[in-house]
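What follows is a short report on a single structure.
The values are calculated or read from the model by the stated rules, or taken from the named source; none is laboratory data. Because the structure is predicted, anything quoted here is derived from the model rather than measured. We place every Cβ from the backbone using ideal geometry, glycine too, and count neighbours over all the protein chains shown. Accessible surface areas use protein heavy atoms only, side chains included; no ligands, DNA or RNA. Shrake-Rupley method; radii C 1.70, N 1.55, O 1.52, S 1.80 Å.
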Amino acid sequence: MPYSWQKSSYSVTGANCVEVANLNSSVLVRDSKDTALPHVHISAASWDLFQRGVTSGEI
């Protein structure tokens, strides 16, 4: 199944970046430099907690 992958607007070419596909109840995350590698499947709740931690500087 093809997913709609998105990369952060803060990403720069050649940097260590990830791409994210939102599936409503979960999120897929993959390496943007090697998209053939397997992706990680994360619950939407866990992804939300991760984003809040990054935004707040907690992680």
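Numbers for the structure displayed
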| item | result |
| --- | --- |
| Base-10 log of normalised Debye intensity for the chain (one unit scatterer per alpha-carbon) at q = 0.20, 0.22, 0.27, 0.30 Å⁻¹ | -0.83, -0.98, -1.24, -1.30 |
| In the chain, the chymotrypsin sites (Phe, Trp or Tyr not before Pro) that fall in loop regions by DSSP, at most 16 other Cβ within 10 Å | Tyr3, Trp5, Tyr10 |
| Per residue, in Å², the accessible surface of the chain once ligands and nucleic acids are set aside, probe 1.4 Å | 78 |
| FRET efficiency for Asn24 and Glu58, using Cβ-Cβ distance with R0 set to 22 Å, rounded to 0.05 | 0.30 |
| Simple spin-label estimate for Leu37 and Asn16 in nanometres, 7 Å along Cα-Cβ | 1.0 |
| With every protein chain in place, the chain: carbon and sulfur % of accessible area (1.4 Å) | 54 |
| Value of relative contact order over the chain, rounded to a whole percent, pairs C-alpha under 8 Å and six or more apart | 22 |
| Structure-based [θ]222 nm, the chain - -39500 (n - 2.57) summed over DSSP H runs of at least 4, per residue, nearest 500 | -7000 deg cm²/dmol |
| Estimated dipole of the chain in Debye, rounded to 20 [Cβ of Lys and Arg +1, of Asp and Glu -1, Cα centre] | 80 |
| Amide H contacts under 5 Å for Ser26, placed H, 5+ residues apart | Ala44 |
| Under-5 Å amide H pairs with Cys17, H placed in peptide plane, nonlocal only | Ser32, Lys33 |
